[in-house]
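First up is the structure itself, then whatever we jot down about it.
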Protein chains: 4
Amino acid sequence: MGNSFGTLFRVTTFGESHGPGLGVVVDGCPPRLPLDTAPIQRELDRRRPGQSRLVSQRKEPDQVAILSGVHDGLTLGTPIAMVIMNQDARSKDYEEVARAYRPSHADFTYDAKYGIRAIAGGGRASARETAGRVAAGAIAQQLLATRGVSIVAWVDEVGGLAASVDELTVTREAVDVNDLRCPDTAAAPQLIERVERARKDGDSIGGVIRAIARGVPAGWGEPVFDKLEADLAKAMMSIPAVKGVENGSGFAGTRMSGSEHNDLFYRRDDGRIGTRTNRSGGIQGGISNGEPITLRIAFKPTATIMRPQDTVDPEGNSAVLQPKGRHDPCVLPRAVPIVEAMIALVLADHALRQHARGFIAP
Amino acid sequence: MGNSFGTLFRVTTFGESHGPGLGVVVDGCPPRLPLDTAPIQRELDRRRPGQSRLVSQRKEPDQVAILSGVHDGLTLGTPIAMVIMNQDARSKDYEEVARAYRPSHADFTYDAKYGIRAIAGGGRASARETAGRVAAGAIAQQLLATRGVSIVAWVDEVGGLAASVDELTVTREAVDVNDLRCPDTAAAPQLIERVERARKDGDSIGGVIRAIARGVPAGWGEPVFDKLEADLAKAMMSIPAVKGVENGSGFAGTRMSGSEHNDLFYRRDDGRIGTRTNRSGGIQGGISNGEPITLRIAFKPTATIMRPQDTVDPEGNSAVLQPKGRHDPCVLPRAVPIVEAMIALVLADHALRQHARGFIAP
Amino acid sequence: MGNSFGTLFRVTTFGESHGPGLGVVVDGCPPRLPLDTAPIQRELDRRRPGQSRLVSQRKEPDQVAILSGVHDGLTLGTPIAMVIMNQDARSKDYEEVARAYRPSHADFTYDAKYGIRAIAGGGRASARETAGRVAAGAIAQQLLATRGVSIVAWVDEVGGLAASVDELTVTREAVDVNDLRCPDTAAAPQLIERVERARKDGDSIGGVIRAIARGVPAGWGEPVFDKLEADLAKAMMSIPAVKGVENGSGFAGTRMSGSEHNDLFYRRDDGRIGTRTNRSGGIQGGISNGEPITLRIAFKPTATIMRPQDTVDPEGNSAVLQPKGRHDPCVLPRAVPIVEAMIALVLADHALRQHARGFIAP
Amino acid sequence: MGNSFGTLFRVTTFGESHGPGLGVVVDGCPPRLPLDTAPIQRELDRRRPGQSRLVSQRKEPDQVAILSGVHDGLTLGTPIAMVIMNQDARSKDYEEVARAYRPSHADFTYDAKYGIRAIAGGGRASARETAGRVAAGAIAQQLLATRGVSIVAWVDEVGGLAASVDELTVTREAVDVNDLRCPDTAAAPQLIERVERARKDGDSIGGVIRAIARGVPAGWGEPVFDKLEADLAKAMMSIPAVKGVENGSGFAGTRMSGSEHNDLFYRRDDGRIGTRTNRSGGIQGGISNGEPITLRIAFKPTATIMRPQDTVDPEGNSAVLQPKGRHDPCVLPRAVPIVEAMIALVLADHALRQHARGFIAP
């Protein structure tokens, strides 16, 4: 259990890092949505390894096949199953892992929970699992686009070095301009250098991704437990390596007074009601208010490093781990499309939930 | 929809701030758990208004009645319904609210979503709704106690002023020693003074609550979407006024290298496998690892302030809001039992989910 | 677990037969539906004991109170909690039950499952639990009425004696014309006599309830597991004493050839596509086809009889049960509103699920 | 939505009849269950077309591939994805179907619901969809076997001709002894002749499948909505062509008095409490009582017949349908493994749900 997400737009992912294949089933996508593999493959290409020297060199084309739910370029309203077969599985790299628990990985906890695990590549705990999410998220983004909703995420901070990005104007094209996916072209070289240094040191580095969803109408989100920010927080924290999440003013807002923090309402030029500031991050009382939805997500440094580390084996005996193989010195560039996908899954689900509410015409 | 939480230990809350009553139904509590109203009422008393001059002066005894699911002091395994009738409902205080949207409240978004709302006291958007959660959380804490799991939360920061608390030794008794629920007795007076000042200014102040869950065994949490930290993040972000959440190293961890951040495994004196540091916050790969589970939760300053604010009415006309009535200058003291309750709901649910997994004996 | 029903129109019932109270929470009812207690109380009055000499003489007014979710006669879109307090609880009647398992009751299985049970009145296993369903079903019927959907159920057979009722024209008024709720006025006296005889004999009798839902548009039902007939079958079989259910031609249809059984399509005078026969019972491939939805539901004879029966006590020792107290010689008259309520809960849920699907305008 | 089934042992099927492929994801299977493709393929072979002259001659090997969740012959506790690629897809047979709605098929209702459909082979409405259920059910049966639970279903009636089968002793081997899957060797030839006649006539025939689950311990089933018989009824009615279901005495029980119908308790020789009769069909109050669970399931005659039929096209114009292609004159032989699979899915799910309840040791 735990491999499904969403209530009406519901995805179920499957697959281990080095098993035969992985993928996702999307149940609940409305019928007659134009869909082919191109936009899905494009997002998978942004997530796959081997894109640049900043990320893991595993060679995986991550070629997606749609098995069901689409006919003549339109969704049928039936489950959409998508499969990616695994190819570059160097299981021998993981022989040592079988004998020693990798620090801050899920080797120990999977053993504690299941009493068994697929060792090679981290099995189900591998970030490779997120390929299914990205494929599903691409569909969600197609659906949201029919209502004018768009999502952009970017690398905003690496190892404590912060970029400066105008969230209101940043585009996905500007994000993809460099390998780091940091749209601040002035600061990017320094941040990239920071990642390079970690890679050369056999070390790793963390950072912060920011994201914005534009065009979300007022009214999405289901109080009281399925508040929009609550489901977004869950979505973000379910991404491997995420240790923190903020909506709107986040932790910085805790240091303000109410008179400074409150977002005053006014009538926009277009007649709609808006707020003069957006410390609420687009959500009030669990419901979108029509302003852009803003998130900050904290990624810890990658647990895999190319340095010897003290650890234990499954019997508790001391061991020294000397990793071999490929590693991502910084997961953030590849995490950008994952963040966007998970935001899209939350929004698509809440869009449908709110649509159902309109059963009694006003 | 959205008023239920949990898969196997599942709670459903109901009730508006100024309606006839509110409460909760707990479905899935195992049978034969010793239970009476005392521990439930004790937690409700920690949450209710009017406890001290730091919080709202609304007079609500919040007396709970158990309607079902308990017989002769033991749970039956059937749904436990608990009801609290509302008493001190000064609806006249809210007449102005009917005409103007309160900034950073949910008045506007509820109208946008539902096309109708119970205006007095914020209706369903009132933090009063959390009484049901606290009642349910008290049962979850009774259940967790049978496995040696305990939870402590405390006020760690107010308006940027930080306390210094040893998370490994802090107790609930130490937390409740003052009205602020800040167990750092040296720093507490200064923090309390900060809240007092906000109250006198007709303003409000935010802050940070920290929490720890001790005794959670390795193995709880359901990858990949229902990771333990993901469900905890959702639980925290579903609490009114929360804008951020961290597990373990959180945002600070993003500024460390992997070689600094990784938690090295070792064999404890008791033979179990532990980690020398706990930057993972007790969770690795979505599953508890046997270390204490740690959280930091950001609360924005209370939206209700006793100062005039510019706003609009439902038609978009400019208005000035001059609030009357009672207000919480700082929600954190009353939020401490809510945080504990929500953590307990997550852990009780995951305890049962992991227990189900043991169907095939090892 | 197991006390909730529905996906978008979701009800959770609670309460034991002789505990403090029972009721239901309805989550997901759309906002702005006109609602007061009158139609709810009317349905509860049709279900309550003591209506006539044909049913149990327990004195329960079953007075419902709405605690939340309704304001000024309109639903708020928030959870609607309804509570009925228990009054006439003669626990002493059940002293013997504590010592011996009643045949074909749930005493033994509740002990086997929970290791504890509320003995008086059958606790949670009492048909008294269905009061919450009937209250929720009354709301669902209000919702369905906004789309022209209506439901009628009636007693069609008692102890093998069959009535003859035209399903296309029967009305609820015609059903309620006698105590048995059998609208065949010619046959009813004989059927009532059959129930009377069972009562005098200290025995009980079963029968068949038929039901029809009119006005359901084509398109409701969610293949492949949540087919409309599948959810209806579950709803019916969840009613105490039900042992069988049929949709459309049911078991009789198994004896026909395909060329006899198929429902031929034609264009109706109003332009819509209809079928010349309705052996499909209004559902094809799990989806309503616009024809009336028809069901037959088998109720076993009431397990409680006023005769001595051989049984065992919880330790397995032989015992003779000599029941005292009140009994329903035939549950069918009171089951009619329960059947209607459960059909309404299924249809309301599927109405909302199908409405959500229309997110992309055709 | 509607393509998933189960709470803790949860399956999600996908796939259209003539799309690229179909399959199922099983989430929640406990870890360390011995599993390979052999028992899964064996069940699929019992369901596939082309087994005998009694069923459709479509040539589909239905070769299953496990993509995830199994490693070295043991389940991992992670999702098990299984895929079957489609091969024999004669789309041209369905050209006429595009123009006219087939009577008693789901062509019209899919159009009404989704506004689009995959025409060839019935798309998602094809019984081919059940291949995923059978694959998942094979895993559920492996799981149940670890607790001594076994399931047998058989063809008990065809076109009104009834076999005579002792439910307490019938085995799966005895069922598979002939093409009809009717273990009454005396009656089977006559029933087979009845199917043959329908095939020769270009017509079809319905019938009744009976099923028994042995070894289910007392205590499975979740009152009040997820009663064991309720979930079984839903499972059965979700199978294509099913129009009725009975548990235990079913409709026949409605003609008995309570004194005849009640199952008297006694102490078995092995010390357990049993019942002298089993009119309850192994379930009382929604919970298994340790007796065999018995079901009767009504299958309507196959809608596809090789005779001209009056119908309409999507615009409502009159049309005559002259089917071509392959047809099953009687679906029952192939439905036997589907019935067994669906029963297994219900029981596996309830086994885990009851296991979770044992969190507090007695």
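Calculated FRET efficiency, D:VAL320 to C:ARG147, Cβ-Cβ distance, R0 = 35 Å: about 0.50 to the nearest 0.05. Distances between equivalent label points of A:GLN322 across the copies, with each point positioned 7 Å along Cα→Cβ, amount to 7.9, 8.0, 8.7 nm, shortest listed first. As a length-normalised measure over Cα pairs under 8 Å and 6 or more apart, the relative contact order of segment A:164-320 settles at 29 percent.
The C-alpha radius of gyration of segment C:153-263, expressed as a fraction of 2.2 N^0.38 Å, stands at 1.24. When chain C is turned onto chain A, the axis of that turn runs closest to one Cβ of chain C, and that residue with its distance in whole Å is C:ALA356, 2.
Scaling the Cα radius of gyration of segment C:4-356 by the globular reference 2.2 N^0.38 Å produces a ratio of 1.02.
Note on C:ALA65 and A:ARG99: their simple-model spin labels are 7.0 nm apart, each label 7 Å out from Cα toward Cβ.
What is the protein assembly as shown by shape, rounded, prolate or oblate, if you read a ≥ b ≥ c off the alpha carbon gyration tensor as root eigenvalues and call it rounded for a/c under 1.5, prolate for a/b larger than b/c, and oblate otherwise? Judged from the Cα gyration tensor, the protein assembly as shown comes out prolate (a/c at least 1.5, a/b above b/c).
Using only the C-alpha atoms, the convex hull of segment D:1-146 corresponds to 125 Å³ per residue.
Here the simple spin-label model places points 7 Å from the Cα toward Cβ, and for C:ASP179 and D:GLN87 these points are separated by 6.8 nm.
In the full protein context, the protein assembly as shown carries 30 Å² of accessible surface per residue, based on a 1.4 Å probe and ignoring ligands, DNA and RNA. Pairs from the table (B:LYS227/B:LYS300; C:LYS200/C:LYS243; D:LYS243/D:LYS324; D:LYS113/D:LYS243; C:LYS234/D:LYS300; C:LYS113/D:LYS113) lying more than 29 angstrom apart at Cα are C:LYS113/D:LYS113.
Considering only alpha-carbon pairs that sit under 8 angstrom and 6 or more positions apart, the relative contact order computed for chain B is 22 percent. Go ahead and collect, in residue order, the members of segment B:254-287 whose backbone nitrogen is under 20 Å from a label point 7 Å along the Cα-Cβ direction of A:ASP313. Flagged as within label range: B:264-269, B:271-275.
Remark: accessible surface ordering of B:ASP269, C:ASP156 (largest first) is B:ASP269, C:ASP156, probe radius 1.4 Å.
Near A:GLY221, once Lys and Arg are set to +1 and Asp and Glu to -1 for all other residues with Cβ below 14 Å from its Cβ, the sum equals 0. Considering all C-alpha pairs of segment D:119-166, those separated by over 16 Å amount to 64%. Each residue was assigned an accessible area with a 1.4 Å probe, and for B:ARG197 the value is about 110 Å².
By definition, a body whose alpha carbon gyration tensor gives a ≥ b ≥ c is oblate when a/c is 1.5 or more and a/b is not larger than b/c, and segment A:235-279 fits this oblate description.
Rounded to the nearest 20 debye, the dipole size of the protein assembly as shown about its Cα centre is 0 debye, using +1 on the Cβ of Lys and Arg and -1 on the Cβ of Asp and Glu.
In chain D, the calculated helix contribution to ellipticity at 222 nm averages -8000 deg cm²/dmol per residue, counting -39,500 (n - 2.57) for every DSSP H run with n ≥ 4. Shown for B:LEU74: label points 7 Å from Cα along the beta-carbon vector, and their distances to the equivalent points in the other copies, 3.7, 5.0, 6.1 nm in ascending order. Note on B:307-313: average number of Cβ atoms from other chains within 10 Å of each residue's Cβ is 4. Report, in order of residue number, the helices in chain C meeting two criteria: a C-alpha extent of 27 Å or more along the helix axis, and a mean Kyte-Doolittle hydropathy of at least 0.5; treat each whole DSSP H run as one helix. Span-like helices here: C:332-357. Take every Cα pair under 8 Å whose residues are at least 6 apart in sequence, average their separation, divide by the length of segment B:241-345, and the relative contact order is 23 percent. Inter-copy label distances at B:ALA186, shortest first and taken from points set 7 Å along Cα to Cβ: 4.2, 9.4, 9.6 nm. Approximating the spin labels as points 7 Å out from Cα along Cα→Cβ, the C:LEU74-to-D:ASP45 distance works out to 6.5 nm. Using heavy atoms of the protein chains and a probe of 1.4 Å, the accessible area assigned to A:THR254 is about 0 Å².
The values are calculated or read from the model by the stated rules, or taken from the named source; none is laboratory data. Quantities reported herein were computed from a predicted structural model and do not represent experimental measurements. Every residue, glycine as well, gets a Cβ built from its backbone with ideal geometry; the counts of neighbours run over all protein chains shown. Quick note on the areas: whole protein, heavy atoms, side chains included, nothing else; ligands and nucleic acids left out. Shrake-Rupley method; radii C 1.70, N 1.55, O 1.52, S 1.80 Å.
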